[in-house]
């Protein structure tokens, strides 16, 4: 049965009714109900846009565990909608220390032993977390908090996006979904993640940039009870972000859920192709321990904590990104992509979700300006041309920065995995410092 939906029936920021009573002239369809899609919707609603969000699942859900946000990302949340920042703060956990700590998780340092009870590791360097500090949270918890601010009638579930077509006469898009239903909109924003269907339609199904590539790396993830973590590692290491570096792999731990859980993610190389249909697959029983064999007792103890969670039956998550084939554009006409749909990155900067929030703020800003331009203009520019100009501006300001992140994240991973040694620290202003690091040359 075909269902036709016009976004004029969605909520705007000024009305709790089914009609658009605000000043918005633009109807925006958002594809994808993850963190970026929901934040995008809340930001546009605050600017009195008529918004409809389409999610293919039967409810809101987030894949993965911990996520962290920088000072810049939090500023963007506040500008996009204070509700977003409030939602993150309601579930976030701060580092007890104002620093991110990087340690040598492999070599035995001075006065250290290989005794299984010796949890000491040599500190390589620390990075200041900034005035806002380190805010980490569980992805699902953050999404759940944001959803509380979503008005009824904005979200349509079980809508798997298929394609869109533009009607030149009506100057509007018709969206088609897998269930045969359709909807109309003036603007289409793809926030549908790393496997984005909107990206495929936008760039073309034959374009390599329409698909992510395997970064030849896998991650093992888990949430450990803080009580168990402290008993194993000690209070300081369990309650603070710590990056354990070494040859060919690295492991990160940090607190979440108001210090009741310790998030752990361990990265290991994965030569060859990813042959599994999904990006998550069962790990071999000895796969994780083998990646960290011979490392310091603290790292091997964290590996043991992960294995305890599922009695050794862990999953491994393939790391995919857009490094090899970056999108040549994020927008065409009235269609654009944002977040992982535009610039999926490996997680080594810890900034992927934050970049998606920046995208949402940029889009909310240019679309707000487009709507005001149409209201106050002399009619010399069509709606189509105004929207296209707004999205072109979004593409121009976002593509360079976000694609830098994708490239840089790959490079950062290398510095965390080749066994670097710190040669000197050069304090600058009491907070920042220059750190000189020597890394082996890859053969």
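The values are calculated or read from the model by the stated rules, or taken from the named source; none is laboratory data. From a predicted model like this one, the values you see are computed outputs, not experimental measurements. Reconstructed Cβ throughout: ideal geometry from the backbone, glycine too, with neighbour counts over all protein chains shown.
Can you tell me which of 78, 73, 86 is surrounded by fewer than 18 Cβ atoms within 10 Å (Cβ to Cβ) and touching a helix residue (DSSP H, G or I) at 6+ places or on another chain (Cβ under 6 Å)?
The match here is 78.
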Any residue at all in segment 363-383 that is at pLDDT 95 or above, over 26 Å from residue 174 (Cβ atoms), in the same structural domain as residue 41 (by TED's automatic domain parsing) and crowded, with 17+ Cβ neighbours inside 10 Å? yes
Inside segment 260-303, can you point out the residues that are free of Cβ contacts under 8 Å to residues at least 12 places away in the same chain and closer than 14 Å to residue 319 by Cβ? 278
Being at pLDDT 95 or above, in contact with a strand residue (DSSP E or B) (Cβ under 6 Å, 6 or more places away or on another chain) and in a helix (DSSP H, G or I), is that true of even one residue in segment 330-346? yes
Any chance you could count how many residues in segment 224-259 are part of a strand (DSSP E or B) and in contact (Cβ under 8 Å) with a residue 60 or more places away in the chain? 13
Checking the conditions here, which among 125, 106 is more than 25 Å from residue 336 (Cα to Cα), assigned by TED's automatic domain parsing to the domain that holds residue 237 and either assigned to a loop (DSSP other than H, G, I, E, B) or modelled with pLDDT of 95 or more (or both)? 106
Among the residues of segment 174-190, write down those that are in a strand (DSSP E or B) and surrounded by fewer than 21 Cβ atoms within 10 Å (Cβ to Cβ). 174, 176, 182, 184
Determine whether segment 24-32 contains at least one residue that is part of a loop (DSSP other than H, G, I, E, B), touching a helix residue (DSSP H, G or I) at 6+ places or on another chain (Cβ under 9 Å), modelled with pLDDT under 95 and under 30 Å from residue 124 (Cα atoms). no
Scanning segment 140-163 for residues that are touching a helix residue (DSSP H, G or I) at 6+ places or on another chain (Cβ under 7 Å) and part of a helix (DSSP H, G or I), which turns out surrounded by the fewest Cβ atoms within 10 Å (Cβ to Cβ)? 147
Provide a single number: the residues in segment 282-310 that are within 25 Å of the chain's Cα centre (by Cα) and surrounded by 15 or more Cβ atoms within 10 Å (Cβ to Cβ). 6
On the basis of being crowded, with 20+ Cβ neighbours inside 10 Å and either out of contact with any strand residue (DSSP E or B) (no Cβ under 6 Å at 6 or more places or on another chain) or in a loop (DSSP other than H, G, I, E, B) (or both), does residue 193 make the cut? yes
Just a yes or no: is a residue in segment 247-263 more than 24 Å from the chain's Cα centre (by Cα), modelled with pLDDT of 95 or more and surrounded by fewer than 21 Cβ atoms within 10 Å (Cβ to Cβ)? no
